[in-house]
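Written out below as structure tokens is the structure these notes cover.
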Amino acid sequence: MAKFLKRGEHILGVDIGGTKAMAMVLDHSFKCVGRAKKKMRCDKPGEKAEDRVIRAMRDALEDAGIEQVAGIGAGSPGPLDPDTGVIIDTPNLAWKNFPLAQTLSDAFGGIPCVIDNDVNMGTYGEWHFGEVKNCKNVVGIFPGTGIGGGLIIGGKMFRGFTGAAGEVGHMTVEPGGPYCGCGKRGCLEALASRVAIAAEVAALSARGDAPYIFENCGTDLGKIRSSTLAKAIQNGETMVEGVVRRAAYCVGVAVGNLINILSPEAVVLGGGLVEAMEALYLEEVERAVKEHAMPFLRKKVRVVPARLADDAVAMGGAMLIAEHLA
Ligand SMILES: [Zn+2]
């Protein structure tokens, strides 16, 4: 790996999520030497989301036993502007036109700080530290509560004209299909996210067609997690399996479309659903790619599972700030 940091230098990689923030302290060789996690729920009067993030960062430094780092790279829910470091609007965290990069920088004595969309950072982390580090063109897709995507084109993060490119989850795959959280109909996310799967499985449970799910979650779709779906399938719930396979196939159709348009060398699939059911999930994606990507373009494309799990975003952030410092 190229050298970006001097020996003895440390950096902070941060993953800001809707429910928790995770910070990692990495040394000059990107080895994790300290980490900490904080729930984002503010439990003191007057406490703000950014205070929780900064506490996670300070705790990670304490865990590492060091006092200062050379820079910070943070992934956050968007939309945001990576050039100015400003969060445009993230209602979950009550951030609107909020200067996140400046705020984090100021909290640590004005050191450099870069931010980007969390899925971009996750793709960046997988690109540098996962199984696709020698590829110049990579598509990352992370199906979970929603479906996020990130694009590496020509060896660079691709942000497009507005800076917000890569919204794979809002690719229309069924015109007139079910409503999506974005207000449109028929988006990939509306058909294949964990929420979409859970809604269909909850209905199976209510009808008596998924006894394992009924016993463990009732019909509460909030309780139907990826790991529960995996266990139901292991317990022989064939209709649940059918729902998950169909959703994975839909993601595969989107992957096929992206292969036709971008011709990447590799597609990385991550997120809770893939982690819980890797073999089954990849099987459906590969089947869809075969049926929807053009033979010449899909030749040699590798579809690989993500390898960094919960560390991908923080590691991507660390890489981005290391490059920035260099
Ligand atoms: Zn949508």
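Summary of values
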quantity: Residue order for R194, R159 - accessible surface, 1.4 angstrom probe, largest first; calculated: R159, R194
quantity: Heavy-atom SASA rank of C180, C42 (probe 1.4 Å, accessible area, largest first); calculated: C42, C180
quantity: Kirkwood Rh, Cα atoms: Rg over Rh of the chain; calculated: 0.98
quantity: Those aspartates and glutamates that a straight Cα-Cα span of less than 18 Å connects to K136, excepting residues fewer than 8 apart in one chain; calculated: E126, E265, E323
quantity: Extension reserve of the E283-A206 stretch, reckoned as 0.36 nm per residue once the Cα distance is removed; calculated: 24.9 nm
quantity: Area accessible to solvent at Y249, 1.4 Å probe radius, in Å²; calculated: 50
quantity: Region 116-252: radius of gyration and largest Cα-Cα distance (Dmax), Å; calculated: 16.9, 50
quantity: For region 134-306, accessible area per residue (1.4 Å probe, heavy atoms of protein chains only), Å²; calculated: 46
quantity: Accessible surface of region 134-306, 1.4 Å probe, proportion on carbon and sulfur as whole %; calculated: 54
quantity: Of E278, E265, E47, the one that fluctuates the most in a GNM where the chain has Cα springs shorter than 10 Å; calculated: E47
quantity: Top of T123, T103, T162 by mean-square fluctuation, Gaussian network on the chain, Cα under 10 Å; calculated: T162
quantity: Proximal aspartates and glutamates relative to K231, as straight alpha-carbon distance under 16 Å, when same-chain residues fewer than 8 apart are discounted; calculated: D209, E215, E241, E275, E278
quantity: For R302, residues with placed amide H under 5 Å, excluding near neighbours; calculated: A266, V267
quantity: Accessible solvent surface per residue of region 28-117, calculated while the other protein chains remain in place, 1.4 angstrom probe, Å²; calculated: 50
quantity: Of K48/K223; K133/K156; K156/K290; K3/K31, those spanning more than 19 Å from alpha-carbon to alpha-carbon; calculated: K48/K223; K156/K290
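The values are calculated or read from the model by the stated rules, or taken from the named source; none is laboratory data. What you are looking at is a predicted structure, and each value in this text was computed from that prediction instead of being measured. Quick note on the areas: whole protein, heavy atoms, side chains included, nothing else; ligands and nucleic acids left out. Shrake-Rupley method; radii C 1.70, N 1.55, O 1.52, S 1.80 Å.
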